[in-house]
Amino acid sequence: VRLVESGGGLVQAGDSLRLSCAASGRTFSTWTMGWFRQAPGKEREFVAASIWSGTSTDYADFVKGRFTISRDNAKNTVYLQMNSLKPEDTAVYYCAAAVLKRGRNNGLYDYWGQGTQVTVSS
């Protein structure tokens, strides 16, 4: 299984970005797909998850109302639409896949992408 993120970059506060994560694998629709982030000097933290077929989602409180996770199972791709970005959203964002599991804990996720940098200037 391979996960490849894209879409990161340098933006100003208040701007939007859409991250994409393309996954290999024939059972993508059965995976929980999550987005995590890690800022310098901080632990990796949960951002959002799309559970199995995508009918259920979960968000960290600090992104509710600003970020939206979605997935296209036909394209084996999960997206993270990030609006109203803040400087504190600056981090490396990682896509992850959990096979037949769901949750916010890093340890539940079986596969990880290499990460994409998001930098938000004030």
Inset, instruction - Working only within the stretch 75-122, note down all residues that are open to solvent by 50 Å² or more (accessible area, probe 1.4 Å) and in a helix (DSSP H, G or I). - result: Pro87, Glu88, Asn106, Gly107, Leu108
Legend entry - the stretch 59-72 residues that are within 13 Å of Gly34 (Cβ to Cβ), paired with ones that are open to solvent by less than 70 Å² (accessible area, probe 1.4 Å) and among the β-branched types (Val, Ile, Thr) (beta carbon under 6 Å, 6 or more apart): Ala60/Val47; Val63/Val47; Ile69/Thr57; Arg71/Val78
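Name the single residue that is least open to solvent (accessible area, probe 1.4 Å) among those in the stretch 1-38 being aliphatic (A, V, I, L, M) and outside any strand (DSSP E or B). Show your work before the answer.
In the first step, residues of the stretch 1-38 are kept if they are aliphatic (A, V, I, L, M); the result is 1, 3-4, 10-11, 13, 17, 19, 22-23, 33.
After this cut, where a residue has to be outside any strand (DSSP E or B) as well, the list is 1, 13.
Numbers: Val1: 87, Ala13: 52 Å².
Going through the qualifying residues, I end up with Ala13.
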Inset, instruction - Inspect the stretch 56-70 for any residue being surrounded by fewer than 16 Cβ atoms within 10 Å (Cβ to Cβ), closer than 17 Å to Leu3 by Cα and out of contact with any helix residue (DSSP H, G or I) (no Cβ under 8 Å at 6 or more places or on another chain) and give the result as yes or no. - result: yes
Legend entry - Some residue of the stretch 39-47 being surrounded by 14 or more Cβ atoms within 10 Å (Cβ to Cβ), of a type in the set (Val, Ile, Thr), at pLDDT 95 or above and farther than 19 Å from Asn105 by Cα: no
Legend entry - Close pairs from the stretch 39-54: first more than 17 Å from Pro87 (Cα to Cα), partner in a loop (DSSP other than H, G, I, E, B) and of a type outside the set (Phe, Trp, Tyr), Cβ under 6 Å, at least 6 apart: Phe46/Ala60; Phe46/Arg104; Ile51/Arg102
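On the basis of being in a loop (DSSP other than H, G, I, E, B), within 14 Å of the chain's Cα centre (by Cα) and not polar (S, T, N, Q), does Gly54 make the cut? Break it down into steps so the answer makes sense when it comes.
Numbers: in a loop (DSSP other than H, G, I, E, B): yes; within 14 Å of the chain's Cα centre (by Cα): yes; not polar (S, T, N, Q): yes.
Considered against the rule, which asks whether it is in a loop (DSSP other than H, G, I, E, B), within 14 Å of the chain's Cα centre (by Cα) and not polar (S, T, N, Q), Gly54 comes out as yes.
The values are calculated or read from the model by the stated rules, or taken from the named source; none is laboratory data. Because the structure is predicted, anything quoted here is derived from the model rather than measured. All Cβ positions, even for glycine, are placed from backbone atoms using ideal geometry, and neighbour counts span all protein chains on display. Heavy atoms of the whole protein, side chains included, go into the accessibility calculation; ligands, DNA and RNA do not. Shrake-Rupley method; radii C 1.70, N 1.55, O 1.52, S 1.80 Å.
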